[in-house]
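Everything below concerns the one structure shown next.
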Amino acid sequence: MTDATVFRSAHRPAPGMADGTYTITVQQDLTVQQDLTVPGVHRPVRPVTRSFVIGGSHGTLAPQDVVAVFPPDGSIGDHSTALPHILLDRGTIPWEQSAEGTLPWLALLLFDEADTTTTAVMSVAEARLLPGLTGLPVTPGLRDTDRITVLTAAPDLLAAIMPTGPELAVLTHTRQHRTGQVPDTDEVAAVSGNRLPAPGRTSTVHLVSVAARYRDGAFDTGAGDQVHLVSLTSWRFACIDDGAGFSALAQALDTGALALPPRGVPAADAYLQKGFVPVPHALRQADRTVSWFHGPLTPQAGADPGQDYEPVRVADELLRIDSDTGMLDVSYAAGWQLGRLLALNSRRVATAFGVWRRAHRRARDTGIPPIPLPGAPDPDPDPPVIVEQWLAGLNLLDGVPFNYLVPDERMLPPESLRVFRLDGRWIRSLLDGALSLGRVTAGDLAHDSEHLAPLIENRHPGASGVLLDSALVAGWPGLIVDAEGPDGTILPALRVQRLSGTVLLCLFDGEPARLRLHLAPESLHLGVDHTGGEYVKKLRDDAGIPKQGPEVPVPWRGAAVGRVVDVAALAAAVSAPVTAAGFAQAMIEGVVSVVLSGTDQRSTARP
């Protein structure tokens, strides 16, 4: 099976029903005839009338209407060769109204930080008083009291960047992902812009309505000194200079194990290479010392599975001492105490677990099953659902503070990727501490050792993962990290979560042989190539493979506003015949993928 994205120039002709309120009546004529020799008896049936409303997206888009935007909102990256685009979840949206004739009614405009524009939120009734917006339709989908965003710009600016009619058609298409010949996603509409972001500057992109705003294939700016447009949605991003894009950042990552570098002291280095860090330790007798500590993320290949772990009454029972150095290892004791504190911090979990534990402890000691409340079901031998769900999250370190995961910031420096394995004994200590509430006497300990053992099982033995601290996390919110096993299969992701603006945690069910950093398929965008100081387009065949032969120089519009592509001329040069689907196929840029395999790093682009 091969994966492919299919492009179409348009979803279908414009809908045949205009916006408005419609009424449909169902009426039946019933004749009852019991004998064929006797005329039937007419029985009246009351007609049924129903009303429904058809209202398009005239002033705003609902959040669920937007599948994705590129470049991502708030991202920082090398986007200087990408034409921005927006994906809409309904493939018909661009053709549900018209700019003129059969032209789609949506345009995507990119404004540089130096461009002068204003936006204002106002009611539809107020917007209808502005030049150019007096024709806003009066429909059930656009009421006078609805709030919309109005974009205002100078006529010469809009004339310089607004697509022509033919360009409007070429910049709008639909796409659908397929596995083999079977579609595995719904068809989405894609609207692209015609202006490249400027390096080193911030850009703002607006999806605007140009419904009924075109005359003879060109946008009508009107006669005033300002042009008003309805902005359905907008987003911002920053474009940094060449060389700091996705591929460059991923290729430059400092990869390694989650451990401090050796210090040249054999006794200490033996601990450091296992992920330990020295920490200050206040003893119960008020003495102070330095002890070893490691969190649940360990660089050790043979991480302790903790199969022989037994519940304990207090954390001190899990302290270890190195007879050679006399230093304590507080790792598992700290994990146990943390689990206890996390359980106490969750009042609902602690209460539900305490009630369940007491009921079943009483039943075991007396031999009398718990008596349910009137009308209540019999007591469940399993813990309450809220406890089960909380323990499942704790197995994946949900709620564990970051300084337990990375006890020393030098273990995860900026622009680094660190691999680790889950320490099974640490996980069991954490769970045991969480379930130690109410464990006071030796009888409590005996009960828990016999009956709670399944609850402190490490549910994901052999799990591993990576921690990524990089501008990739902040600049590309759609970043995907796939882990491949030795046989090339994708390992299931147990948890993928941003812990901060630049830190991403990924847990996988198994140990990866390779990691692949890439963007979501929604990042497939139209773009050009920048080589030798010139912007060109390298032609591709239908399979997306670059063709042999000369590159097509990117044609530009006039110099009034910079970096606006002459889409009509470029489409004629790269696509014959000129269609939206053909232009998208020729201009599409693959999703950059960086594969990390040990010390080997390579970058590939998938068309």
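The values are calculated or read from the model by the stated rules, or taken from the named source; none is laboratory data. Please read all numbers here as calculations on a predicted model, not as lab measurements. Note that each Cβ is placed from the backbone with ideal geometry, even for glycine, and that neighbours are counted across all protein chains shown. Accessible surface areas use protein heavy atoms only, side chains included; no ligands, DNA or RNA. Shrake-Rupley method; radii C 1.70, N 1.55, O 1.52, S 1.80 Å.
Screening V124 against (1) in contact with a Lys or Arg (Cβ under 9 Å, 6 or more places away or on another chain); (2) open to solvent by less than 30 Å² (accessible area, probe 1.4 Å); (3) farther than 21 Å from V53 by Cα leaves a single unmet condition, (3).
A160 meets each of the listed conditions (1) within 29 Å of the chain's Cα centre (by Cα); (2) open to solvent by less than 30 Å² (accessible area, probe 1.4 Å); (3) closer than 29 Å to D225 by Cα apart from (1). Restricting attention to the stretch 342-354, the residues that are touching a residue at least 12 places away in the same chain (Cβ under 8 Å) and in a helix (DSSP H, G or I) total 9. Scanning the stretch 15-59 for residues that are under 21 Å from S98 (Cβ atoms), modelled with pLDDT under 75 and open to solvent by 60 Å² or more (accessible area, probe 1.4 Å) turns up G16, M17, A18.
Evaluated against (1) more than 23 Å from the chain's Cα centre (by Cα); (2) farther than 14 Å from T233 by Cα; (3) open to solvent by 30 Å² or more (accessible area, probe 1.4 Å), D78 falls short on exactly one condition, (1).
The residues of the stretch 189-220 that are assigned to a loop (DSSP other than H, G, I, E, B) and surrounded by fewer than 20 Cβ atoms within 10 Å (Cβ to Cβ), listed by number, are A198, P199, G200, A212, D216, G217, D220.
Take the residues in the stretch 83-103 that are open to solvent by less than 10 Å² (accessible area, probe 1.4 Å) and under 20 Å from the mean Cα position of the chain (by Cα), then tell me which one is farthest from D65 (Cα to Cα). This residue is P84.
Being touching a Leu at 6+ places or on another chain (Cβ under 6 Å), surrounded by fewer than 22 Cβ atoms within 10 Å (Cβ to Cβ), touching a residue at least 12 places away in the same chain (Cβ under 8 Å) and at negative phi is a property that holds for R498. The sole residue among P278, P369, P311 that is at pLDDT 90 or above and either open to solvent by 40 Å² or more (accessible area, probe 1.4 Å) or under 26 Å from G510 (Cα atoms) (or both) is P278. Of all residues in the stretch 55-69, those that are of a type in the set (S, T, Y) have Cβ atoms under 7 Å from Cβ atoms of residues that are modelled with pLDDT of 85 or more, 6 or more apart or on another chain, in S57/D65; S57/I93; S57/L232; T60/I148; T60/L232. Only one of the numbered conditions (1) under 26 Å from F246 (Cβ atoms); (2) among the charged types (D, E, K, R); (3) assigned to a helix (DSSP H, G or I) is violated by R418, and that is (3). I'm checking my understanding of the structure. Among residues of the stretch 241-258 that are open to solvent by less than 50 Å² (accessible area, probe 1.4 Å) and assigned to a loop (DSSP other than H, G, I, E, B), which one is modelled with the highest pLDDT? Here the residue is L258.
Examine the stretch 226-238 for a residue that is more than 26 Å from I86 (Cβ to Cβ) and among the hydrophobic types (A, V, I, L, M, F, W, C), and state whether such a residue exists.
No; the residues of the stretch 226-238 include none that is more than 26 Å from I86 (Cβ to Cβ) and among the hydrophobic types (A, V, I, L, M, F, W, C).
Scanning the stretch 410-419 for residues that are closer than 19 Å to P278 by Cβ and of a type outside the set (D, E, K, R) yields M411, L412, P413.
Identify, please: which residue in the stretch 539-582 is assigned to a loop (DSSP other than H, G, I, E, B) and touching a Ser or Thr at 6+ places or on another chain (Cβ under 9 Å) and is, among those, modelled with the highest pLDDT? Per the criteria, the residue is R563.
Looking at the stretch 592-604, is at least one residue modelled with pLDDT of 85 or more, surrounded by fewer than 17 Cβ atoms within 10 Å (Cβ to Cβ) and part of a loop (DSSP other than H, G, I, E, B)?
The answer is no; no qualifying residue exists.
Here G424, G399, G462, G443 are screened, and the one residue that is farther than 19 Å from L517 by Cα and crowded, with 18+ Cβ neighbours inside 10 Å is G424. Scanning the stretch 448-501 for residues that are in contact with a Ser or Thr (Cβ under 7 Å, 6 or more places away or on another chain) and modelled with pLDDT of 90 or more returns D469, S470.
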